[in-house]
Amino acid sequence: RAPLHATATGKAVLAFGDPVLTHDLLSGSLEAFTPRTLVSPADLARDLGETRARGYSVEWEEFALGYASMGAPLVGLGGRIMGAVAVTTSVDELDVARTSEALLATTRQISERLGGSGVRPASSRAMA
């Protein structure tokens, strides 16, 4: 089982899902998997806030050295988080700008099929 605090899917679930789960995780100790893993609750909370603002999570070598991931939540009926979708590749290959557009479009389509609407970044919500 992959840790929520060190993976893109986990961070997407923590940022958009049950606040009790997030609070409980931030209240405990966070295991380091690499030197880049966020183990400070304050650092992780800040990262989750950034994730909520842009609509997707990013992790750079936090779970495995040499790999980076981006994740976005799947939103079902009533806004319930059903899971997340991630893209994982080598740190040299991840193009955040290009991948974020495709990731958000894909998770929005899946969310709509689940009866939800998907997550829009805060910047696009402000313009709507």
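The values are calculated or read from the model by the stated rules, or taken from the named source; none is laboratory data. Note that the structure is a prediction, hence the values are computed from the model and not measured. Cβ coordinates were reconstructed from backbone atoms using ideal geometry, including for glycine residues, and neighbour counts include every protein chain displayed. Protein only, heavy atoms only, side chains kept; ligands, DNA and RNA dropped before computing areas. Shrake-Rupley method; radii C 1.70, N 1.55, O 1.52, S 1.80 Å.
Subtract the Cα-Cα distance of SER27 and ALA97 from 0.36 nm times their separation in residues, and report this length gain in nm to one decimal.
Fully extending the segment from SER27 to ALA97 adds 22.0 nm.
If you bin all the Cα-Cα distances of the range 1-43 at 5 Å, starting from zero, the percentages per bin are 5, 24, 34, 29, 6, 1. Direction-averaged projected area, Cα convex hull, the range 62-111: 3.7 nm², rounded to one decimal.
Working note: Cα gyration tensor of the range 16-116, eigenvalues times five, square-rooted, sorted largest first, giving semi-axes of 23, 20, 10 Å.
With the other protein chains left in place, how much accessible area per residue, in square angstrom, belongs to the range 52-101 at a 1.4 angstrom probe? Each step should come with its number before you reach the end.
Details: 2560 Å² over 50 residues.
Computed with neighbouring chains in place, this is 51 Å² per residue.
Under 5 Å from the amide H of VAL85 lie the amide H atoms of ALA72, LEU74, each residue being 5 or more positions distant or on a separate chain, with H modelled from the backbone and absent for Pro and chain starts.
For the chain, the longest principal axis of the C-alpha atoms and the axis of helix 96-113 are separated by about 50°.
FRET efficiency for the pair GLU112 and ALA53, taken as 1/(1 + (r/R0)^6) with r the Cβ-Cβ distance and R0 = 22 Å, rounds to 0.50. Only Lys, Arg, Asp and Glu carry charge here, each on its Cβ (+1 for the first two, -1 for the last two); on that basis the range 32-128 has a dipole of about 560 debye about its Cα centre.
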